[in-house]
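The values are calculated or read from the model by the stated rules, or taken from the named source; none is laboratory data. Please read these numbers as outputs of a predicted model, since none were measured by experiment. Virtual Cβ from ideal backbone geometry, glycine too; neighbours counted across all protein chains shown. Heavy atoms of the whole protein, side chains included, go into the accessibility calculation; ligands, DNA and RNA do not. Shrake-Rupley method; radii C 1.70, N 1.55, O 1.52, S 1.80 Å.
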Amino acid sequence: MSKTIRIAIAVLVVIVLAAVPWFGSDVVVQFGISTLILAVLAQGWNIIGGYTGYASFGNSTFFGLGAYGVGIAMVQWNLPFWVGMVFGAVMAVAFAILLGIPVLRLRGHYFAIATLALAQVVAAIVSNIPLFGENIGLVLPPLNNDAMFYELSLALLVAATLTVWWLTRSRFGFGLIAIRENEEGAAVMGVDTTRYKIMAFALSGLFSALAGGIQAYWITFLDPASAFDISLNVKMIIMAVFGGPGTIFGPVVGAFVLSAISEVLSSEVTNIAGLFFGIVVVAAVVLMPRGLADIVRHFRSSGWRYFAQNIRAHRI
Amino acid sequence: MSAILEIDHVTRRFAGLVAVSDVSFALNEGEILGVIGPNGAGKTTLVSLISGTLTPSSGDIRFQGQSITSLPAFRRARLGIGRTFQIMRPFPGLSVLDNVAVGALFGHGEESTALQEAREKARRHLEFVGLGRFADQRADELGGPGRKRLELAKALAMEPKLLLCDEVMAGLNHVEIDEVIDVIRKVRDSGITVLVIEHVIKAIKSLSDRLLVLHHGEKIADGEPDVVLSDKTVVEAYLGKRRA
């Protein structure tokens, strides 16, 4: 496919998606909002996890801070929604920078564990601060305008995806990839690894926070347990990895496909939907450990053998 | 000739082990200095201390007259110190070309180089080390000898003033060794000072202007290759006392 055709397809997809609120039912639009928000989260995780190679479990913390930014601004201070978005984003970025400095010294499993603890710690702190509504939570003024939430989420996803696209052709993005591929090798070639990792963490946190802000206003309620839900972080990782981490469209496609599967399962086989979803994820990891994007790249040359090769390569 | 690099009483200890012990020497601009020594003599540690992936326990390292002892690796890289790794550190998922482009993008610090321009530069460096036709392959598809050359191209793309080569000839056959020697000579002729660590004594003897011998972390000889290699303590260190 030539570059022009690919851009044309991407633009067309965005236009079709943007038109959904005008012909889709309420259920479809609501499904769309939650899927778009998950896609933003997966794409945000892609920056730190997919491109920089740091498997962050801290992104649900940024999501929560973004949600509380909107909650506090609107409920406690009577400020407009967008001020809350800015406030939440500032909190998340500041948090990413402050925590990134010590935490990003850790690598691999240790980094994952350290960030995993973050959400718990922050939830515990928030539960005790009156400004954050303690553990009772905050109730936001309702806004019955799903089309607006939908378009806002879509715009955010487009912004996140454009950012990732920019990464693949910028010096900054090359530095991040070099860090992922070999951090020591990157440092001796002049990459300021510490600064780049923190910037990637903050950028990833920025998108998570903005997604959290939209979610909070849409759901109109937030408490520490729902805002700092670690399973949300697991979800974004699964979606990004399912689609193809370190690719421009992989995490977005992963989020759409898995949300659709999950939606169908929970309406068809209500009780055991979780079980089937688990089977889908396990099958994906076994058959295509490098995600959908990798299949697209290699299926033409190896065909169905692609799956057999993966099974053999990973000795499962 | 002025000194581009000065190593001043540098010591590096690891828990209970002195890897580099009170080593001092100077490297003159435009020189090829060979560093030899048996396994575990502290050669790679020395390169890591100069490139900044390790910091000395004591002593001072000066580059172009400025102390770099407390600078992180990336700053030293931007000042003009390029290195290769004995255990190769390619970016496996990137193309061979982009591996080298990283050096062109970051070797000069913050001044921004366009990606296109960096790739063009990278292509020239790949041609220079003889990897031109592998440019579009993934780096992890290269064999051992190819990876050694890639290490060189990556370091050269930074356009360093000083190049540290950590066993770039290990595992190569005679023909390949001759080719690498040729490349390193050309590097020096282009005005880059070179420090070469090597196991293959024959190769390094013909290449180096000067030889430095490390043994148990200490400098035991430093001078003309022929003189150093016939030195009694050096022969003892390499072959054992009885044979000497």
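How far apart, in nm, are the 7 Å Cα→Cβ label points at residue B:24 and residue A:155?
6.8 nm
Computed from the mean reciprocal separation of all distinct C-alpha pairs, what Kirkwood hydrodynamic radius does the range B:91-158 have, in Å? If you can, show how the numbers build up before the last one.
On the way: mean 1/r = 0.0877 Å⁻¹.
About 11.4 Å for the range B:91-158.
Can you give the longest run of chain B that contains no GluC sites (Glu not before Pro) sitting in a DSSP loop with at most 12 other Cβ atoms inside 10 Å?
Within chain B, the longest run free of exposed GluC sites (Glu not before Pro) spans B:112-244.
Nothing charged except the Cβ atoms of Lys and Arg (+1) and of Asp and Glu (-1): what's the magnitude of the dipole of chain A about its Cα centre? Round to the nearest 20 debye.
1280 debye
With a Cα-only, solvent-free Debye model of the range A:26-248, what are the log10 I(q)/I(0) values at q = 0.10, 0.11, 0.13, 0.15 Å⁻¹?
Log-scaled intensity ratios, in q order: -0.41, -0.50, -0.69, -0.91.
Which one of B:33, B:17, B:94 has the biggest mean-square fluctuation once chain B is modelled by GNM with Cα springs under 10 Å?
The residue with the greatest mean-square fluctuation here is B:17.
Given a 1.4 Å probe and the protein chains all in place, what does the accessible area of residue A:54 round to, in Å² to the nearest 10?
Residue A:54 exposes around 10 Å² with every protein chain in place.
Span-like helices, chain A: DSSP H, alpha-carbon axial extent 24 Å or more, mean Kyte-Doolittle 1.0 or greater, which ones?
A:3-23, A:26-45, A:81-103, A:108-126, A:146-167, A:250-268
Cut-off 19 Å, label point 7 angstrom out along Cα-to-Cβ of residue B:62: give me the residues of the range B:17-40 whose amide nitrogen falls inside.
Counting only backbone N, you get B:22-31.
Can you pull a Stokes-Einstein diffusion coefficient for the protein assembly as shown at 10 °C (1.306 mPa s), Rh from Kirkwood over Cα pairs, as a whole number of µm²/s?
60 µm²/s
Among the aspartates and glutamates, which fall within straight-line cross-link reach of residue B:232, defined as a Cα-Cα distance under 18 Å, with same-chain neighbours fewer than 8 residues apart omitted?
By straight Cα distance, residue B:232 reaches B:218, B:222, B:224.
Cross-link list A:197/A:235; B:43/B:205; B:43/B:219; B:161/B:219; B:186/B:219: which exceed 18 angstrom alpha carbon to alpha carbon?
Violating the 18 Å Cα-Cα cut-off are A:197/A:235; B:161/B:219; B:186/B:219.
Counting Lys and Arg as +1 and Asp and Glu as -1, each charge on the Cβ, what is the dipole of the range B:91-158 about the Cα centre in debye, to the nearest 20?
300 debye
Report in % the part of the accessible area of the range B:91-158 that belongs to carbon and sulfur, leaving out ligands and nucleic acids; probe 1.4 Å.
Of the solvent-accessible surface of the range B:91-158, carbon and sulfur hold 44 percent.
Per residue, how much accessible surface does chain B expose to a 1.4 Å probe? Answer in Å², no decimals.
43 Å²
Taking all protein chains in place and a 1.4 Å probe, what share, in percent, of the accessible surface of the range A:26-248 do carbon and sulfur account for?
69 percent
Enumerate the lysines that residue B:121 could reach by cross-link, defined here as Cα to Cα under 16 Å, with residues fewer than 8 away along the same chain left out.
Leaving aside lysines fewer than 8 places away in the same chain, those within reach of residue B:121 are B:154.
Any idea of residue B:53's accessible area? Nearest 10 Å², probe 1.4 Å.
So the heavy atoms of residue B:53 present about 40 Å² to solvent.
Could you tell me the accessible area of residue B:123 in Å² (1.4 Å probe, neighbours in place), rounded to the nearest ten?
100 Å²
In terms of solvent-accessible area of protein heavy atoms at a 1.4 angstrom probe, what is the ranking of A:252, A:86, highest value first?
A:86, A:252
Leaving ligands, DNA and RNA out of it, rank B:226, B:140 by accessible area with a 1.4 Å probe, largest first.
B:226, B:140
As a test of the definition: with a 1.4 Å probe, what buried accessible area, both sides summed, do you compute for B against A, in Å² to the nearest 100? Don't skip to the answer; put the middle values down first.
Working: alone 11420 and 15690 Å², together 25040 Å².
Interface area, both chains combined: 2100 Å², rounded to the nearest 100.
Nearest 5 percent is fine: what portion of the DSSP beta bridges confined to the protein assembly as shown is antiparallel?
On the way: 23 of 39 bridges.
Antiparallel: roughly 60 percent of the beta bridges in the protein assembly as shown.
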